[in-house]
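Read-outs: derived from the displayed coordinates by stated rules, not from any lab. Note that the coordinates shown come from a computational prediction; the quantities given were computed from them, not determined experimentally. Because the Cβ atoms are built from the backbone with ideal geometry, glycine has one as well, and the counts that use them run over all protein chains shown.
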Amino acid sequence: MASETATAAKRSGETVQWTRCPSCEAFVYHKRLKRNLGVCPECNFHFRLPIRERLVQLLDEGSFVDLSQDVQPIDPLGFADSKPYAQRLEEAQRKTGAGEGAIYGPAAIGGRPVVLAAMDFAFIGGSMGSGVGEVITRAAELALERREPLLVISASGGARMQEGCVSLMQLAKTSQAVGRLHEEGLLYISLLTDPTYGGVSASFATLGDLLVSEPGSYIGFAGPKVIEQTIRQKLPDGFQTAGFLLDHGQLDLVEPRETLRVSLRKILELHALAGGGAAGLPEVEGEPPITDAGQLTGRDPWEIVQLARHVERPNTLEYVSLVFDDFRELFGDRLFDQDAAIVGGLAKLGDLVVMVVGHQKGHTTQEMMERNFGMPNPEGYRKGLRLMRYAAKFGLPIVTLVDTPGAYPGLGAEERGQSIAIAQSIMEMSRFRVPIVSIVTGEGGSGGALALAVGDRVLMMENSYYSVISPEGCSTILFKDAAQAPRAAAALRMTAPDLLRLRIMDAIVPEPDGGAHQDPLAAAQNLKTAIVTSLRDLLDKTPDELVGERYERFRLFGTPGLQPTLPPPEEADA
Ligand SMILES: [Zn+2]
């Protein structure tokens, strides 16, 4: 913004009043642009912000104390190109009025303390020299000392060439400082602003628990020109924008500047509540979960399968909105893709902060296509696992809602390791040292369902099913005829009463007459009651007890003398 305005001013020789938007080319009155937080009122283009303006927008007024005054750049190589590096530094210092390209110190957002570090792109292209690395490292160390969240705002072209390998080592120096925060369970939020590249994106800037950016920000490792020259291809529109990264699973959030402060404040509030006990659970008034199979009416399993698949059956995001408050959806596996077939994020259950993860279907054809009919690719499971690791790190209970016909059987899914993604999720869920409650809300399709269902308490809704294979698949393979699916559904004993008797399920969540879709509010109330009841038991347990009892829970299946067996289907129905 500054350079554009300055150019306009030079041309006109008048007081700076108008800034030209590089996106829509509209001339925007300078004060109006500033009032609009540096976002073009015509086309929503987010201008680059001078660092001080950024801090004014994000932080509580007067809360920031700059501790970076004594950090000065060094010239370890005595480097010179067209002019000596020392001279470049002096010029940058004169231009920006700062000693180096980053500042740090304690600050607050919405009254919540953070340790802030922010890079200034105006200082030699936001390049990371020793001074910048020093600032980021000190900020991380201060956050550790004060046990407060770290917020780093990046804007960088990459490492600073003029400092040679000493600059390269800043990647390691900063990353190890951030690594200690992760070990100590401290929150690190990284705000990647336009542009964040090279040695900064390949170190501390992408190591946050949360990676946040603004629409249109450019973020990447190699610059687009270098990539084009190397691969001799034109890059697609929007390549390396925040939206591109979000679609490729590499950001948690892309937040418009208008809501950025509020969003960060809410995340800090949720984290401030993290680790609460059973006292934070809300009062509930739904029907209690059923633990005695005799209380469930015997029904045709095929009818249940149809209800579990009913197109109007409430899905995960609907239950989340009815059961929880302040849901903050988080995106991406940090590896390859943003898989919409699994959703997850932070949420409040009463005053208890939890991580919710679940399969997501849709109701309309378009929604179902976007969600791949609730059949995740490996990226979906890797996102789910990433969010559950996040929960475990911060001591947040995990609630999973299971509703999938199965993991997606596709070419790409196999190429990218569907089996490995599911296996890792199953194993790590079994070891997380936080309470886990899993509820099958619709279809519990085999490994793709179990990947989100290794809980301390596993429940299912009355009209859902859980099975090692779909009835159609079983029918085709074992009965050599897909039309025998109803028979297979009965033979597989995949509905609530049988699974309760087999101890696969701990309890059954009652549904309203005719199924959950007939009265989603009542269904959600019963679901909420089941989650709260389950968590109340679990929150009193120590992490060792949780992990030990979870081990025993899954250890018993198929163990002689421990595994219950079922009477023939006719008797069970009688
Ligand atoms: Zn514009």
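Of the residues S68, L55, F45, the one whose Cα sits farthest towards the positive end of the charge dipole of region 25-76 is F45 (charges of +1 on Lys and Arg Cβ, -1 on Asp and Glu Cβ, taken about the Cα centre). Taking each DSSP H run with n ≥ 4 as -39500 (n - 2.57) and averaging over every residue of the chain yields -11500 deg cm²/dmol at 222 nm. In terms of its C-alpha gyration tensor, region 285-573 comes out rounded, because the ratio a/c of the largest to the smallest axis stays below 1.5. Measure nothing fancy, just the Cα-based angle from helix 378-393's long axis to the longest principal axis of the chain, in degrees from 0 to 90, nearest 10. Its long axis makes an angle of about 80 degrees.
Ranking C474, G395, V509 by Cα position along the charge dipole of region 285-573, where only Lys, Arg, Asp and Glu carry charges on their C-beta atoms, puts G395 farthest toward the positive end.
Quick one: of K34/K225; K234/K383; K348/K528; K266/K348, which pairs are farther than 21 Å apart, Cα to Cα? Kindly include the intermediate steps, with their values, before the conclusion.
On the way: K34/K225 32 Å; K234/K383 30 Å; K348/K528 12 Å; K266/K348 11 Å.
Check vs 21 Å cut-off fails for K34/K225; K234/K383.
Note on E370 and D300: with the Förster distance fixed at 35 Å, the Cβ-Cβ geometry gives a FRET efficiency of about 0.60. When R52, R416 are arranged by Cβ crowding within 10 Å, least crowded first, meaning fewest neighbours, the order is R52, R416.
Of the listed peptides 270-282, 402-414, 201-213, what is their order by residue-averaged count of other C-beta atoms within 10 Å, with the highest listed first? Don't skip to the end; give the middle numbers.
On the way: 270-282: 16.1, 402-414: 19.4, 201-213: 23.5.
Ranking the peptides 270-282, 402-414, 201-213 by packing returns 201-213, 402-414, 270-282.
Summary of the geometry: region 113-146 and region 181-216, compared by the centres of their Cα atoms, lie 12 Å apart. For the chain, the longest principal axis of the Cα atoms and the long axis of helix 543-555 meet at an angle of about 40 degrees. Hey, what angle do you get for helix 257-273 against the long axis of the chain, alpha-carbon based, 0 to 90 degrees rounded to 10? That works out to roughly 60 degrees. Shape verdict for region 48-271, please, from the Cα gyration tensor: rounded (a/c under 1.5), prolate (a/b greater than b/c) or oblate. Oblate. Based on alpha-carbon centroids, what's the gap between region 50-95 and region 379-446 in Å, whole number please? The distance from the Cα centre of region 50-95 to that of region 379-446 comes to 44 Å. Region 311-367 and region 490-559 have Cα centres lying 19 Å from one another. Applying a 4.7 Å Cβ-Cβ cutoff to the chain, the cysteines left without a disulfide-compatible partner are C165, C474. Over all other residues within a Cβ to Cβ distance under 10 Å of V437, the charged ones net out to -2, with Lys and Arg as +1 and Asp and Glu as -1. Using R0 = 41 Å, the C-beta based FRET efficiency linking F327 and L566 works out to 0.60.
Positive end of the dipole of the chain (Cβ unit charges, origin at the Cα centre): among G97, M128, I436, the Cα lying farthest that way belongs to G97.
Taken about its Cα centre, region 285-573 carries a charge dipole of roughly 960 debye when the Cβ of each Lys and Arg holds +1 and the Cβ of each Asp and Glu holds -1. Once both labels are positioned 7 Å from their Cα atoms along Cα-to-Cβ, the gap between E258 and D481 label points is 6.1 nm. Against the empirical curve 2.2 N^0.38 Å, the C-alpha radius of gyration of region 174-321 lands at a ratio of 1.57. Exposure proxy for Y188, Y551: other Cβ atoms within 10 Å of each Cβ, ordered fewest to most, give Y551, Y188. Rounded to two decimals, the Cα-based Rg/Rh of region 23-81, with Kirkwood Rh, is 1.19.
For region 467-572, what mean projected area does the convex hull of the alpha carbons give, in nm²?
On the way: hull surface 37.1 nm².
About 9.3 nm², averaged over all directions.
Can you compute the charge dipole magnitude of the chain about its Cα centre, using +1 on each Lys and Arg Cβ and -1 on each Asp and Glu Cβ, nothing else charged? Give it in debye, rounded to the nearest 20. Show your work: numbers first, answer last.
Details: 56 positive and 73 negative charges, 367 e Å.
Computed about the Cα centre, the dipole is about 1760 debye.
Rank the residues S68, S438 as a footprinting-exposure proxy: fewest other Cβ atoms within 10 Å of their Cβ go first.
Values: S68 21, S438 26.
So the residues, fewest neighbours to most, are S68, S438.
Equivalent ellipsoid of the chain: semi-axes from √(5λ) of the C-alpha gyration tensor, largest first, are 51, 24, 22 Å.
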